[in-house]
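The values are calculated or read from the model by the stated rules, or taken from the named source; none is laboratory data. Note that the structure is a prediction, hence the values are computed from the model and not measured. Cβ atoms come from the backbone with ideal geometry, glycine included; neighbour counts cover every protein chain shown. Calculation scope for accessible area: heavy atoms of the full protein, side chains included, ligands and nucleic acids excluded. Shrake-Rupley method; radii C 1.70, N 1.55, O 1.52, S 1.80 Å.
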Amino acid sequence: MYINKLHLRAFGKFSSKRMYFGSKFNIIYGENEAGKSTIHNFIEAILYGFGEDENGISKYNKYKPWDNSLYKGTLGMSMRNGEKYVVSKDFLLGTIQVFKKESSDRSDPEMVEEDIPSPGDFFFNMNRTSFRNTVSVRQLGNKTEQELANELKNKIINLSSTRDQNISIERIFSTLNSIKEEAGSEDNGKTLLGQYSLRLSELKDARENSVNAGRQVMFLAMEKRKLKNKISELDMRMAELKKHLSDHELSIAKEKFLKAEPVKMELDEIDKKLLEFNHSLNYSKEDFKEALSLEKILENMVGQRDTLVQEKEKIDSRLAELGRDISNFMDNSFSIEKLNEDYSNYKLTIEKITDMKSKIHMGYESIKSIDLDGINKFAEYYDSVAEINRKIGIANVFLDEKDYEAMKKFGKSQGIQSFFAVIFGIAFLGAGAYSCYFGYTTNVLEYYYGAGAVVPAVILLVSSSRKSARAKSAKKEIESMECSHTDYKLTVDQLENQKNEIVKNSGCDSLDVMSDLYKKKCTEKNIVEEKLNLLKFDEDELKQTEEENAALSRTLHETLKIFAIDEISQENIKEINEAYARKNQVREEASTLKISLEQNTQSLAKVEKELSFEQRRLEMILSANGIADLENFKETAAKYEQYEELVKRKEYLDNILASIIGKEDFSALKEKTKNVMFYETKAIDEQKCQLDIFRMNEEKSRIAENIDNIHKEIEDIESGTRNLAEIEEEMDFYEDKINTFKNKIKIAEMAAEKITKIADSIKGDFMPLLKKSISDNFYYLTGGKYSEVSFDENMNITVVEEDNKSRNIELESLSGGTLDQIYLSLRVGLSNILSGNQDIPLIFDDSFVQYDTRRLKKSIEMLARESERRQVILFTCQEREAETAKQLNVKFNYIKL
Amino acid sequence: MKLKFIHTSDLHLGKKFNIKNFSLKEREKRRQEIWDAFDEIIRTARNEKTEYLFIAGDMTEGEYINFKSLNKIARKFKSIEDTNVVIVCGKSDPYSINSLYEYIDWPDNVYFIKSIESVEKLYFPKDNLCIHALSWDNLKNSERPQLIYDISVDENKINVLLLNCELEGETDFTINVDLVKNKFDYCALGGKHNFHSARNNVVYCGTPEPLNFDEMDEHGFIMGTIEKRNPEYKLVPIAKRRFTTRDINLDVSYSFNKILDLIKFSGDTFSNIKDYVKINLTGTVSTDISMEEVENEAKQFFYYIEFEENYSYKNAEDKNYDSNDYNIIESFKLQFENHQDKMEQQAFKLGLEVLRKEKVVK
C-alpha cells in the first residue's frame, strides 16, 4: 500500500495544498519552516488524530489555521490490489470519513463510504505508538558507531522481552523489587516490616501483661469481696451482741425509771411552783443585792452632799461679807495719801472760809451807817442839772447868726449869676441863628461858622439853670433856719426851768450850794466805795476758797463714792484708812475662800453626778426588774427567798434523780422503757460483750485496712499496666501496617509475575519472529552480504556473514552504515510483524541530516532498495539526498515545497 | 405525677476501636469523648433533677473496662444521689461472677440488675414505679424472650421495662415488640446503636456518641417524663461528632481536580471539619489518575476522612487492539481484564504505573 495523495484543505500554514506521491521512493524537499513537519504531522493526524508533542501538549491548536475557518484535509491511499481509499477528516468537527473505491478503473467514480473510525489502525494494523516506532522515522542522531550499536542492542533486547524498544524489563523488575525492599521482611529488624513485627511482638507481651493484670485485679476484687463479706458477718455478730447489751440496758433503764419516777413527780411539782414564782419573781437576785447596796451608797452620798452644800453656804456668806468690805473698792490707782491730803486741805479751806466770812461781816457792819443811796440820789440830781446845762449850751450854739447870713449871701449871688447867664446865653443863641440865616440867605459858607456861638449859648443856659436851682434851695434853707432858731429859743427856756426845779428839790438853794454839797458827798462816797472794794476783794478770796473747798469736796466725794460713802467726815476718812490698812488681808482671805469654794463646788458636782448616776442605776435596776420602787423590790426579794428554798429543794431532787438515771434524759428513758413490760436484770457479762464488740471492731478495722490495701494494690497494678484497649488498638494498628506492607509486596510480586509472564511469552513468541524478520530485511538490505542477525540466550546480538556463517560479528564491530541497515531492518521487520507483512510505507523526516556523504549514500542506497518493496517518503531540508539519489541512478518522485 | 427520666444505653465506656483508619490518637480521643458524653448525661440528670436514669445495657466494654474506671463511674453516680440509677447489663458488659461490676461499691442510688435468669422487679413506692429488668450474661439462653413475655404487671403501677435486646432477627434475645408494647408504660431498650422508636412506648435511645460508620444520624440520650400510659420524651443530641458516609460515582473522564472537588464539596464545610466522613467511591477511574494522591490531598479539608474504594481503573484510551498485542503495556492490560479482585486491581495499577513510568522516563 502507499499514500498516493494528500490534500491539505486547511492545515497549518497550508491551504488547498495538494501533493501526489509515487508508490516507491519519494523525496520531499523543503527548506526549514517550509512545512515538512506539517505534512508529516498531517499524515499522522489523518491516520491517528492529534497526538501530543514532547511536552505533552496536544498538537490540535498548533496546526489550526489562524486565517481559515476550515480545518480539514484528505489522504489518498492505494492498495497493491488496486483498491483505493480516501480518508477525509474535519479536525474542527472531529469527523472522519473513509471512502473506498474498489476498482482501479479511473472511469469508475463510485466511492463507497466505509465505517473506519481509526484509519491508522485499519491500514497499518498498529497503534500510534507502533506507528511512531516503525513507520515514522524522525531525525536520527549523529551517534558514534559504539553508541548506535548499544542503542540498537538495547532496542532489540527491549523489543525481545517487552515488544517495546523503550521499555526495559530489567528496570521494571528493579522498580518492583525496590518496593519489596523498602518494606523488607519481618525477619529483618532493620526493615520497616521487621520493626513493625518487633513492635507487634512487644505489644503482644504488653497485652499478656495487661490480661494478667486484669486477672490479678479480678482476684483482688474477689478477695475484697470476701473481706467485705467478713465485715458483714462481723457486723451481724456485733449487732447481736449489741442487742443483748441493749436488752440488758433496757432492763436496767426500766429499773432506774421506776426508781426515778416519784422523784421526778416531786420535781415536776416543784417546777410548777417555781413556774408560778417565776411569773412574779421575774427579777434578778443580783439586781436586788445591788439595789440594796445602792440604797446605802445613796444615803451616804446624800449626807455628803448636804455637808458640802452647808460648807458652800458658809463660804458664800463670808465671801459676800468680804466682798462688801470697802477695801475691795481700792484699786491700784487709789492712793490713801492723796485722800488724806485732800481731806486735810478740805478742812483748812473750811476754816479759812469761816474766818473770811466773819471779816466781811464786820466790814459791812462798819459802812452800814452811811446812806449811800441818798448820796447817789443827790449825785443823780446833780448829774441832771449838769446835763441840762450842757443842753442849754448846745442850743445856744445853734442860735449863733453867722450861718444864717452867709446863707442869705449865697442865695443872692446865685440868683444874679443865673440871670446873666440867661442873657448871655440868649445873645449867643441869637448871634448863631442870625449867622445861619445870613449864610443861608447869602449862600456864603463862611457865615455858617457863626453858628458856633450856639455852643457857649448852650453852656451858659445850662449854667444859668443850675445856679437858678441853687438860689432856690438857698432860699428854702434860709426859711428852714429861721424856723429852727425859733425852736431853740423855746427849748433853752424850758431847760432853764427844769434846772431850777431840780436844784430846789435837792434842798439847795442854788447851783453852787449844790455843787459844794455834791463835792462833800462825793468824798464820803469814795471812802465807802474803798471799803466796799476791800470787802469785795475779801469776798472774791472767800469765793475762791469756797471754790477750792468745793473742788476738794468733789474729789473727796468722788473718792468716797467708790466706797459708797456720801459724807465727808473724819470718821469716814478714818474708816477708809483702816480699810486700806486691812486691804491685803481681806484679799488673801477672799482668795483662800474662793479656792475652798471651787473645791467645794467640784466636790459637790462630783457627788451630785455620782449621786445622779447611782440613782439612775438604781432606777434602771428597778425598771429592768419591772419594779416601781425599792420597797416593792424588797417585797419581791422576800418572795424570792421562798423561791430559793424551792430551788434548793429542786437541786437536791435533781441530784437524787441524776444519781438514779445519770445523765440520761428522763423522758428519753421513759420513752425507751415504755414498751418494757417485763424485765429482769439478770446479770450478763457486759464487759465481755463490750470486749467482744471491741475486738470485732478491731477485726473490722483490720479488714477495712486490708480492703484499702487491696484498693491500693489494684490501683498500683492498673496504673502500672497499659490499658488493654490501647494495647490492642496499637496491635491492630501495627498488624494493619504489616498487612499493608505485605499487600504491597504481594501486589508488587503479582505485578512482577504478570510482567514476567508477558516478557517470557514475548521472548517465546515474538523474539524468533523479530529475529527472522530483522534477518530477512537485513539480508535484503545488505544485498545478501549478511545472512542473519542472531541473539543468544543471554541476549548477545551478533550478525552472521553469508560467506562465513560460522563467524558471528559483534554489533560493536560493524560500521555505521551496516548498523543503520540493521536499524532499518529492525523497523521494517517490526512494521512487517505488526502490520501482518503488509508493505506499509516508511516515512523519514530529516532522518539523515547529520550523516556524512558516505553514510548518506549508503542510506539512500538502502532506501532505494527498500522502495522496491514499499513506498518510502523522505522529507529533507537538504538537496544532497536528491543529488545522491541521482548519482546513484535511483528513480524517485521529487516534490519541492 | 410525671416522673422525669433519662434513658441511655450502649455507651461502651473504655471501648476498643476497630476502625482501621482511625489513628491511635483519634481512638484515644474518641474514647475520651464517650466519657465526656457520660459526664454530660450525669450533669443533665443533676441539673434537670431527673428522678430516674435508665441505662439499658452496654454501659461499658466489659472486656476493657478497669476497676479504676468503674470506681469513677460509681463516684459519678454518687454525685447524683437524688436520681435513682437503674442499670442492666448488655452484650458488651455481660453480668457474671467474673464481671468487675460485681466488685464495685455502688452508691445507694444505684440499682444494678444482676438478675440474669429471671426478670427482676424493682418497685419504688414513692413514685408507684415498677421497673422490670433483666441483665445479659455471657451464656446462651434461648428462653430469655419467654421470661419477658411471662412478666405480669400490676396495672395500678407505672411499669417500665429495662432491657438490652433485639427486636428483629433471630438471636437469643430477640423479643416480639407486639407482645410487650401493651404491658409497659415505657420500654427503655438498649442494644441498637441508633435512636429508634419501635412504638411510642418502645424506644431504643442509641449510643450517646456514635461508634462507627453504621451509626449515622443524630445521637444523644432520651430525656422525658413518664406517667401511666403516657410517656413523653425527646432525643437530646449531645454527640460531638457524627459518622457520615457519602457516595461519589466516578467516571473515567473525571480529572484529578474534578474528583478532588467532588470529595471536597460532598458535604457541608462545618461537617467536614468536625465529623468522621467516609467517601464511598464507585464507578471508574482513569488509570492516569493517582487516587492515592487525590485521597492525600482531600485529607487537608477534613477532620477525618476515609475512602471505600469501590471503583475500578480503566484506560482512558480504552481501545481494543484485537490481535495487536505488540506492546507489553497492552499485553499487561489484557492480563488484568475482567479482574475485579482488589489485590489484582492494585497489582494492575502498580504494574501499569511502573511500565508507564519506564516508558515516559526512557
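Computed quantities for the displayed model
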quantity: Net charge over other residues, Cβ less than 15 angstrom from the Cβ of B:Lys76 (K, R count +1; D, E count -1); calculated: -1
quantity: Set of lysines near A:Lys409 by C-alpha distance (under 27 Å), chain-local residues within fewer than 8 positions excluded; calculated: A:Lys467, A:Lys472, A:Lys475, A:Lys476, A:Lys489
quantity: Degrees, to the nearest 10: A:372-398 long Cα axis against longest axis of chain A; calculated: 90 degrees
quantity: Using a Förster distance of 41 Å, the FRET efficiency for A:Lys357-A:Val397 (Cβ separation, nearest 0.05); calculated: 0.15
quantity: A:Glu567 versus A:Glu387: modelled label distance in nm, points set 7 Å from Cα along the beta carbon direction; calculated: 5.8 nm
quantity: Backbone N under 12 Å from the A:Thr144 label point (7 Å along Cα→Cβ), restricted to the range A:834-858; calculated: none
quantity: With Cα atoms, 0 to 90° folded angle of helix A:570-624 axis to chain A main axis; calculated: 40 degrees
quantity: Residue-count net charge about B:Lys114 - beta-carbon cut-off 11 Å; Lys, Arg +1, Asp, Glu -1; calculated: -4
quantity: Contour minus Cα-Cα distance for A:Glu208 and A:Gln544 (0.36 nm per residue); calculated: 105.2 nm
quantity: Computed lengthening from A:Ser335 to A:Phe50, 0.36 nm per intervening residue step minus Cα-Cα distance; calculated: 86.7 nm
quantity: Proximal charge balance of A:Glu699 [Cβ under 12 Å; K/R count +1, D/E count -1]; calculated: 0
quantity: Label-to-label distance, nm, for residues given as B:Ser197 and A:Asp271 (7 Å Cα→Cβ offset); calculated: 6.5 nm
quantity: For A:Leu691, solvent-accessible area (1.4 Å; no DNA, RNA or ligand), Å²; calculated: 80 Å²
quantity: Förster radius 41 Å - calculated FRET efficiency between A:Ser667 and B:Asn128, Cβ distance, rounded to 0.05; calculated: 0.60
quantity: Estimated FRET transfer efficiency when R0 is 45 angstrom, pair A:Glu879-A:Asn61 (beta carbons, to 0.05); calculated: 0.85
quantity: Gain on full stretching of the segment that runs from A:Ser701 to A:Ile367 - 0.36 nm per residue minus C-alpha separation; calculated: 104.2 nm
quantity: Area accessible to solvent at B:Lys20, 1.4 Å probe radius, in Å²; calculated: 130 Å²
quantity: Euclidean distance between Cα centres, the range A:756-810 to the range A:417-475, Å; calculated: 207 Å
quantity: Prolate/oblate/rounded label for the range B:3-237 (Cα gyration tensor, a/c 1.5); calculated: rounded
quantity: Within straight-line cross-link reach of A:Lys254, aspartates and glutamates at Cα separation under 20 Å, skipping those fewer than 8 residues along the same chain; calculated: A:Glu266, A:Asp268, A:Asp654, A:Glu664, A:Asp665, A:Glu671, A:Glu680, A:Asp685, A:Glu686
quantity: Filter on A:Lys62/B:Lys342; A:Lys243/A:Lys264; A:Lys228/B:Lys76; A:Lys737/B:Lys234; A:Lys180/B:Lys274; A:Lys204/B:Lys140 - keep pairs with C-alpha separation over 32 Å; calculated: A:Lys62/B:Lys342; A:Lys737/B:Lys234; A:Lys180/B:Lys274
quantity: Angle between chain A longest axis and helix A:630-661 axis [Cα atoms, degrees, rounded to 10]; calculated: 30 degrees
quantity: Nitroxide proxy distance, nm - points 7 Å out along Cα→Cβ at A:Leu93 and A:Arg466; calculated: 17.4 nm
quantity: Helix-only CD estimate at 222 nm, as mean residue ellipticity for chain A, using -39500 (n - 2.57) per DSSP H run (n ≥ 4); calculated: -24500 deg cm²/dmol
quantity: Subset of A:Lys712/B:Lys16; B:Lys2/B:Lys121; A:Lys256/A:Lys688; A:Lys84/A:Lys771; A:Lys36/A:Lys857 violating a 28 Å alpha-carbon distance limit; calculated: A:Lys84/A:Lys771
